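Report on the structure given below.
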Amino acid sequence: METKQIKKQREYIEKVSKVNEGKVLKYYILTMGCKLNENDSEKIIGMVEKMGYSESKDINDADLYIINTCCVRENAEEKVFGKLGELKKIKEEKNIIIAIGGCMMQEEHITKKIKKSYPFVDVIFGTHTLHKLPEDIYKTITKREKIKDIIDIDGEIYEGIPVKRSNNRQASVTIMYGCNNFCSYCIVPYVRGRERSRKKDDILNEIKGLAKEGYKEITLLGQNVNSYNGENNYKFSNLLKDVDKIEGIEIIRFISPHPKDFTDDVIEAIQASKKISRLIHVPLQSGSTSILKTMNRKYTKEQYLNLINRIKTKIPDAVFSTDIIVGFPGETEKDFEDTLDVVRKVNFEQIFMFIYSRRLGTVADRMENQIPEEIKHKRFDRLKALFEGNIEQNNQKYVGTMQKVLVEGYSKNNPNMLTRKN
Ligand code: SAH
Ligand code: SF4
Ligand code: F3S
């Protein structure tokens, strides 16, 4: 259901498009971070296209520039400042609007730095004010004022924001926002607010609409999808069962579940479905029970391995992908060996590997036993070598089998091959 605030923003969209009438205007957008941010950018694009801007892939040829930022690791932040440097030069030569938003803007030290060192930025918006972009852009166009539109709240849900999807077969659908887990290394709960779940009917209607438009694959998104909490005790497993019934959708995926909340009803819902992908993402982070404890993950190495076994017992063809952080404060050689041990035991199909990055304001940043960069990098390389050494052998199980895949067109490099876009 469209909220009152979104109705008001639709009026601003109209106002901006009136101001822009008759002009050929383009936007350039840079999206960083996770799928939730990509989904947010689809909403940003939905709004700006309705305001009369069309997409430019050329950084030198646009009138409105938008950066949707991520701050989960330090390197994402560095990239943003590099980009702002480039935009400064463009702005010196022509009259452009620069809007910067997303997770990084929820950090006070960052917005202070932007105000001080990058004063040419026109609009700064946060994760809780994304829906107000039309109003912010209207004000900056008509009054030429600089806007900082950040609020620090637990968060709300806005339905009815225009969306322009980046793909016409595969769509991401956010089912819950925010996170309550406060893993000690992670900035996300500070910048995305508390957990809040969309109403089941809003989610199901969105997916039914996508199915009608011809979408085949849906990814349900949230920082902790299995703590989805709809009204009247409607849980994640109920949602999976209902999405499974939607005709036309053939593949269902979800990211990310938290191992501590991966309950049997969810496993059973996957087992009963022919559409839910057998590649299940189960973020490990570390294989060491003592590191997991200081990470505030709330499971042990054994509980993680038990969960994998519980899933495999019910779903024998299940395979797994995961996230792993190396070099968390206090990680000893033995702790790291425990991570390698879990990697050997589970035989992951895919591992997203990260070097621990200190995040201001988190508990782990205040820990004294930080690991030297050199050791972190060496461990990262060892983990990578272990994983990559297993790929060929791991893939043998697919030789001679039939697998269902989503193809979206012919390969650019070879017109005789089918491929998927992303
Ligand atoms: N909510 C999701 C993922 C959030 S962020 C989950 O819990 O699985 C995606 C990944 O980034 C995390 O799983 C973690 O592996 C990694 N990450 C988060 N904070 C990090 C940090 N400070 N340093 C390095 N990696 C980090
Ligand atoms: Fe970060 Fe942990 Fe929340 Fe994932 S579950 S977003 S890692 S605090
Ligand atoms: Fe995603 Fe980065 Fe924000 S991982 S939630 S865009 S901090």
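The values are calculated or read from the model by the stated rules, or taken from the named source; none is laboratory data. All figures in this text were calculated on a predicted structure; none of them were measured in a lab. Counting neighbours? That spans all protein chains shown, and the Cβs are built from the backbone with ideal geometry, glycine included. Accessible surface is based on the protein model in full, side chains and every heavy atom, while ligands, DNA and RNA are left aside. Shrake-Rupley method; radii C 1.70, N 1.55, O 1.52, S 1.80 Å.
Which residue pairs have Cβ atoms closer than 6 Å, lie 6 or more positions apart in sequence or on different chains, and pair a first residue in the stretch 399-413 that is among the hydroxyl-bearing types (Ser, Thr, Tyr) with a second residue that is open to solvent by 100 Å² or more (accessible area, probe 1.4 Å)?
What qualifies is Ser411/Met417.
List the residue pairs whose Cβ atoms are under 6 Å apart, where the first residue sits in the stretch 184-211 and is polar (S, T, N, Q), the second is open to solvent by less than 20 Å² (accessible area, probe 1.4 Å) and more than 16 Å from ligand 1 (Cβ to nearest atom), and the two are 6 or more positions apart or on different chains.
These pairs meet every condition: Ser197/Gly230.
Could you identify the single residue in Gln271, Gln285 that is over 13 Å from Val346 (Cβ atoms) and within 16 Å of ligand 3 (Cβ to nearest atom)?
Working: Gln271 fails: within 16 Å of ligand 3 (Cβ to nearest atom).
Only one candidate qualifies: Gln285.
Restricting to the stretch 187-245, name every residue that is outside any loop (DSSP other than H, G, I, E, B), farther than 13 Å from Val266 by Cβ and within 16 Å of ligand 2 (Cβ to nearest atom).
Within the stretch 187-245, Val188, Pro189, Tyr190, Val191, Arg192, Arg196, Ser197, Leu221, Asn229 meet the criteria.
Of the conditions (1) more than 16 Å from ligand 1 (Cβ to nearest atom); (2) open to solvent by less than 10 Å² (accessible area, probe 1.4 Å); (3) within 25 Å of Cys34 (Cα to Cα); (4) not polar (S, T, N, Q), Leu221 fails just one. Which one is it?
(1)
Can you find, within the stretch 289-336, the residue that is farthest from Lys376 (Cα to Cα) among those that are of a type in the set (Asp, Glu) and in contact with a Ser or Thr (Cβ under 9 Å, 6 or more places away or on another chain)? Let's see the steps before the verdict.
Going residue by residue through the stretch 289-336, those that are of a type in the set (Asp, Glu) are 302, 317, 323, 331, 333, 335.
From what is left, the residues that are in contact with a Ser or Thr (Cβ under 9 Å, 6 or more places away or on another chain) are 302, 323, 331, 335.
Working: Glu302: 24, Asp323: 16, Glu331: 9, Asp335: 13 Å.
Here the answer is Glu302.
I need every pair where a residue in the stretch 273-287 that is on the phi < 0 side of the Ramachandran plot has its Cβ under 6 Å from the Cβ of a residue that is of a type in the set (Ser, Thr, Tyr) and in a loop (DSSP other than H, G, I, E, B), sequence separation at least 6 or different chains.
Going by the 6 Å Cβ cut-off, the qualifying pairs are His281/Ser256; Pro283/Ser256.
I'd like the full set of residues that are closer than 16 Å to Gly126 by Cβ, open to solvent by 40 Å² or more (accessible area, probe 1.4 Å) and β-branched (Val, Ile, Thr), limited to the stretch 139-159.
Selection gives Ile150, Ile151, Ile153, Ile157.
One residue is enough: does the stretch 96-113 have a residue meeting the conditions open to solvent by less than 70 Å² (accessible area, probe 1.4 Å) and free of Cβ contacts under 8 Å to residues at least 12 places away in the same chain? Spell out the reasoning first.
Residues of the stretch 96-113 open to solvent by less than 70 Å² (accessible area, probe 1.4 Å): 96-107, 110-111.
Then drop every residue that is not free of Cβ contacts under 8 Å to residues at least 12 places away in the same chain, which leaves none.
No: the stretch 96-113 contains no residue that is open to solvent by less than 70 Å² (accessible area, probe 1.4 Å) and free of Cβ contacts under 8 Å to residues at least 12 places away in the same chain.
Only one of Arg310, Arg278, Arg297, Arg358 is more than 29 Å from Ile218 (Cβ to Cβ) and of a type in the set (Lys, Arg); which?
Values: Arg310 fails: more than 29 Å from Ile218 (Cβ to Cβ); Arg278 fails: more than 29 Å from Ile218 (Cβ to Cβ); Arg297 fails: more than 29 Å from Ile218 (Cβ to Cβ).
Selected residue: Arg358, the only one of Arg310, Arg278, Arg297, Arg358 that is more than 29 Å from Ile218 (Cβ to Cβ) and of a type in the set (Lys, Arg).
Would you mind stating whether Glu392 is open to solvent by 70 Å² or more (accessible area, probe 1.4 Å), in the same structural domain as Val188 (by TED's automatic domain parsing), more than 16 Å from ligand 2 (Cβ to nearest atom) and closer than 30 Å to His109 by Cα?
no
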